[in-house]
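A.B. asks: Input: one structure, supplied below.
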Amino acid sequence: MKWLPASILVLAFAAHAAEVKIPPGYAVATFAGGCFWCMEQPFDEIPGVIDTVSGYTGGNKLNPSYEQVSSGTTGHAEAVQVVYDPKKVGYEKLLDVFWHNVDPTVTNRQFCDTGTQYRTAVFYHDEAQRKAAEASLAALRKSKPFKDPIVTPIQMAGPFYPAEDYHQNFYRTNPVRYQLYRKGCGRDARLKELWGASAGH
């Protein structure tokens, strides 16, 4: 599900922070998985997910632009915030979807994209999310179908700056360009190499 009314989801920009405001009863999760174009769709397809928002987080630059983040000088990573109904989908499920849509064995890059802005990370919003993320990571280290170590960090969430409008829902608004980029970047091929039949799930 991807159509959240403006009265429910509000993008708030302030001088020192930006946030996706969450209405009562919903929760938010934040993940960095390389190009944010490719991280919205996997979460949008999960029943109980209300919305996904592409943006920037993890750095020090206030209200950064895409060009600034792309320069690799802001400290921010491309990321997605996932608004979900915890009565319908658990945070553990979101973690599982995240892991199977990234290459967690590399640092400061994902697939064809390189730079700190393309790093992977799980950004937790409270103690429960931190514990769940650490438990998920520990379990994955035991069950992963590949030999390389997992280097994706688990970090406390900080300010999140929604990206420009043209980046939101890119896989829907620009499907041809999206598919060309995704295939050309080798994302699906690498995910299949890493995760086998569970890639992208």
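The values are calculated or read from the model by the stated rules, or taken from the named source; none is laboratory data. Every value quoted in this text rests on a predicted model; they were computed, and no experiment measured them. Here the Cβ positions follow ideal geometry from the backbone for every residue, glycine too, while neighbour counts run over all protein chains shown. Heads up: the accessible areas ignore ligands, DNA and RNA and are worked out on the full protein's heavy atoms, side chains in. Shrake-Rupley method; radii C 1.70, N 1.55, O 1.52, S 1.80 Å.
A.B. asks: Of these, ALA157, ALA189, ALA128, which one is open to solvent by less than 50 Å² (accessible area, probe 1.4 Å) and modelled with pLDDT of 95 or more?
C.D. replies: One residue alone meets the criteria, ALA157.
A.B. asks: Keeping to the stretch 78-102, report how many residues are touching a helix residue (DSSP H, G or I) at 6+ places or on another chain (Cβ under 9 Å) and either aliphatic (A, V, I, L, M) or within 22 Å of HIS167 (Cα to Cα) (or both).
C.D. replies: 11
A.B. asks: Also, I was wondering about something else. Mind checking whether some residue in the stretch 140-149 is on the phi < 0 side of the Ramachandran plot, without any contact (Cβ under 8 Å) to a residue 40 or more places away in the chain and buried (at least 16 other Cβ atoms within 10 Å of the Cβ)?
C.D. replies: Yes, the stretch 140-149 has at least one match.
A.B. asks: Within the stretch 160-171, can you find the residues that are free of Cβ contacts under 8 Å to residues at least 12 places away in the same chain and either closer than 30 Å to ASP126 by Cα or crowded, with 16+ Cβ neighbours inside 10 Å (or both)?
C.D. replies: Of everything in the stretch 160-171, just one residue is free of Cβ contacts under 8 Å to residues at least 12 places away in the same chain and either closer than 30 Å to ASP126 by Cα or crowded, with 16+ Cβ neighbours inside 10 Å (or both), namely ASP165.
A.B. asks: Within the stretch 73-121, which residues are small (Gly, Ala, Ser) and either buried (at least 21 other Cβ atoms within 10 Å of the Cβ) or not in a loop (DSSP other than H, G, I, E, B) (or both)?
C.D. replies: Listed by number, the residues that qualify are ALA77, ALA79, ALA121.
A.B. asks: Here is a follow-up. If the requirement is being touching a residue at least 12 places away in the same chain (Cβ under 8 Å), under 27 Å from PRO47 (Cα atoms) and among the acidic types (Asp, Glu), which of these qualifies: ASP126, ASP96?
C.D. replies: Sole residue among the options that is touching a residue at least 12 places away in the same chain (Cβ under 8 Å), under 27 Å from PRO47 (Cα atoms) and among the acidic types (Asp, Glu): ASP96.
A.B. asks: From the list ASN101, ASN63, ASN108, exactly one residue is over 19 Å from GLN155 (Cβ atoms), in contact with a strand residue (DSSP E or B) (Cβ under 9 Å, 6 or more places away or on another chain) and not hydrophobic (A, V, I, L, M, F, W, C). Which is it?
C.D. replies: ASN63
Table: residues versus (1) farther than 17 Å from SER54 by Cβ; (2) touching a strand residue (DSSP E or B) at 6+ places or on another chain (Cβ under 8 Å).
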position	(1), (2)
LEU95	yes, yes
PHE123	no, yes
ASP126	yes, no
ILE150	yes, no
PHE160	no, yes
ASN169	no, no
GLY200	yes, no
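A.B. asks: While we're looking at this one, here's another question. Quick one: is ASN174 under 19 Å from TYR66 (Cβ atoms), surrounded by fewer than 18 Cβ atoms within 10 Å (Cβ to Cβ), modelled with pLDDT of 95 or more and touching a Ser or Thr at 6+ places or on another chain (Cβ under 7 Å)?
C.D. replies: no
A.B. asks: While we're looking at this one, here's another question. Name the single residue, out of those in the stretch 20-43 being aliphatic (A, V, I, L, M) and more than 21 Å from THR116 (Cβ to Cβ), that is most open to solvent (accessible area, probe 1.4 Å).
C.D. replies: ILE22
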